[in-house]
Amino acid sequence: QVQLVESGGGLVQPGGSLRLSCAASGIAFSIYAMGWYRQVPGKQRELVAAIASGGSTNYADSVKGRFTISRDNAKKTVYLQMDSLKPEDTADYYCNAYRTAGDYWGQGTQVTVSS
């Protein structure tokens, strides 16, 4: 049974930081590309950051220079360090594990950036 469990969301002031974690089980984590997506009500889910099995990364333009994705294959966990947060970063954040054969999603964690 595959599980992706996100944690680390919450309420933070503009300019603050949060670190999201996504712990995976039931998959051969190291061979999956991992991604963080976000979604606000009424909008499509969008890719925030992704990290390939080999470690290469890519980011949405809106978060470049502020967010950092990383992975720990031994812990089967992917992280999203979010710095210099802005109100427009407010969303539900979802973890995704991807291979060409299919993908898996976590339940999401809410991030609210507000003063």
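The values are calculated or read from the model by the stated rules, or taken from the named source; none is laboratory data. Quick caveat: nothing in here was measured; it's all calculated off a predicted structure. The accessibility values were calculated without ligands, DNA or RNA, using every heavy atom of the protein model including side chains. Shrake-Rupley method; radii C 1.70, N 1.55, O 1.52, S 1.80 Å.
Working note: Karplus 6.51/-1.76/1.60 with θ = phi - 60° gives segment 66-80 the couplings 10, 10, 9, 9, 8, 9, 10, 5, 5, 8, 6, 9, 10, 10, 9 Hz, where Gly and Pro are set to x. Amide H contacts for Val48 (H built 1.01 Å from N in the peptide plane; partners 5 or more residues away or on another chain; cut-off under 5 Å): Trp36, Tyr37, Arg38. Each residue of segment 92-103 was assigned a 3J(HN,Hα) from its phi angle through the Karplus expression (A = 6.51, B = -1.76, C = 1.60, θ = phi - 60°), giving 8, 10, 10, 8, 9, 10, 10, 9, 4, 6, x, 9 Hz with x at Gly and Pro.
For Leu85, nonlocal amide neighbours, meaning residues 5 or more places apart or on other chains whose placed amide H falls under 5 Å from its own, are Gly15, Gly16. For the chain, the share of alpha carbon pairs falling in successive 10 Å distance bins from zero is 15, 50, 29, 6, 0 percent. Global size of segment 1-47: 13.5, 38 Å for Rg and Dmax (C-alpha atoms, Rg to one decimal, Dmax whole).
Computed over Cα pairs, the Kirkwood radius of segment 30-74 leads via Stokes-Einstein (0.692 mPa s, 37 °C) to a diffusion coefficient of 289 µm² per second. Leaving out ligands, DNA and RNA, and with a 1.4 Å probe, what % of the accessible surface on segment 60-103 is carbon or sulfur? It is 45 percent, rounded to a whole number. Annotation: per residue accessible area for the chain equals 53 Å², rounded to a whole number [probe 1.4 Å, protein chains only].
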